[in-house]
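Have a look at the structure below, then the notes.
The values are calculated or read from the model by the stated rules, or taken from the named source; none is laboratory data. In this text, all values refer to a predicted model and were calculated from it rather than measured experimentally. Cβ placement follows ideal geometry from the backbone for every residue including glycine, while neighbour counts extend to all protein chains displayed. Accessible surface areas use protein heavy atoms only, side chains included; no ligands, DNA or RNA. Shrake-Rupley method; radii C 1.70, N 1.55, O 1.52, S 1.80 Å.
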Amino acid sequence: MVETARRREIEDVASTLFREHGYAGTSVRDIARALDIQGASLYAHVTSKQDVLWSIVERAATRFETSADAASTAAASGSDAMDGIAPASVRLAALVRAHVAVVTDDIGRASVFVHEWRSLTGERRAQMARRRDAYERRFRSVIDDGVAEGAFVAVDPVVAAAFLLTSLNGIATWFRPDGRIAPAALGDAYARLAVDALRPGGAVVRAEPIAEPVL
């Protein structure tokens, strides 16, 4: 889909409204009113409210995936890597920093992605569920490797990944770009907390696996 300035503006406004009122609590008329245009004019750029939600969620999902790919590649070429494989603690920290960077760069879309993706319907919802699960498996795999290395305690990787992603996604509810901590510093802090929580001696609670991914 070729993006236009108006389409981007529609998504920006819709992201704000979905975040503030929820997808169900926002109408096409609300979006049009916020843009100061007629509803009919809005349909010249989008086919439906569902179409707008999909665009926001799909764009956010792609950013999370691309950022995670780049972080993993950078970790593999870092000074700690051996034969192209970095220690699990380094890879986990990189994934956490990448996730924080995406959330803090666009709070509106990240928040809609985290909280409103279930409002998608049909194949779009199923596709997004598969992508979310695949993304969470990145965290599970690294945690599992850390356990095998002896760098992390023998915790269930499903539970540990859910714990970390719940915390990371929560940033979208409170982070302010004009607040006291910069995105990079926040990413570093969360990366340290994530790794320290899983190291031997850290306060990790063992629990039964949960079936549904958190992201």
For this session: Would you give the gap between the C-alpha center of the range 110-125 and the C-alpha center of the range 55-104, rounded to a whole Å?
Result: 23
Seminar exercise, completed: Within the under-15-Å Cβ sphere about HIS99, not counting HIS99, Lys/Arg +1 and Asp/Glu -1 give a net charge of +4
Seminar exercise, completed: For the range 49-132, the dipole about the Cα centre with charges only on Cβ (Lys and Arg +1, Asp and Glu -1), to the nearest 20 debye, works out at 360
Seminar exercise, completed: Nearest 10, in degrees from 0 to 90: the angle of helix 107-116 to the longest Cα principal axis of the chain is 90
For this session: Kindly rank 71-80, 87-96, 47-56 from highest to lowest mean number of other beta carbons found within 10 Å of each residue.
Result: 87-96, 47-56, 71-80
Exercise. Got a sec to turn the phi values of the range 70-75 into Karplus ³J(HN,Hα) couplings, 6.51 cos²θ - 1.76 cosθ + 1.60 with θ = phi - 60°, whole Hz, x for Gly and Pro?
Worked result: 5, 5, 5, 5, 5, 5
Problem set entry | Sparsely packed trypsin sites (Lys or Arg not before Pro) within the range 138-197, loop by DSSP, other Cβ within 10 Å at most 11 | ARG180
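Translational D (Stokes-Einstein, µm²/s) of the range 71-188 at 4 °C and 1.567 mPa s when Rh comes from the Kirkwood sum over C-alpha pairs?
Translational diffusion coefficient: 84 µm²/s.
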Seminar exercise, completed: In nanometres, the difference between 0.36 nm per residue of separation and the alpha-carbon distance of THR47 and ASP133 is 28.2 nm
Problem set entry | Charge-dipole axis of the range 1-133 as Lys and Arg at +1 and Asp and Glu at -1 on Cβ define it, positive-most pick from MET82, THR4, VAL52 | VAL52
For this session: Take the solvent-accessible surface of the protein heavy atoms, probe 1.4 Å, and return the percent of it on the chain that carbon and sulfur atoms account for.
Result: 54
Problem set entry | Hz values of 3J(HN,Hα) by residue in the range 46-52 - Karplus curve (6.51, -1.76, 1.60), Gly and Pro given as x | 9, 8, 5, 5, 4, 4, 5
Exercise. Whole-Hz Karplus ³J(HN,Hα) for the range 128-140, in order, using 6.51 cos²θ - 1.76 cosθ + 1.60 and θ = phi - 60°, x for Gly and Pro?
Worked result: 5, 4, 5, 5, 5, 5, 5, 5, 5, 4, 4, 5, 4
Exercise. Which residue, chosen from ALA68, ALA194, ASN169, occupies the Cα position most advanced towards the positive end of the dipole of the chain, where the dipole is computed from +1 (Lys, Arg) and -1 (Asp, Glu) charges on Cβ about the Cα centre?
Worked result: ASN169
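Run the numbers on the range 76-157 and let me know its relative contact order in percent, using alpha-carbon pairs under 8 Å that are six or more apart.
It rounds to 30 percent for the range 76-157.
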Problem set entry | Cα pair distances exceeding 32 angstrom across the chain, given as percent | 24
For this session: Give me the angle, in degrees from 0 to 90, between the Cα long axis of helix 157-174 and the longest principal axis of the Cα atoms of the chain, rounded to the nearest 10.
Result: 40
Seminar exercise, completed: For the range 82-211, the per residue accessible area (1.4 Å probe, Å²) is 49
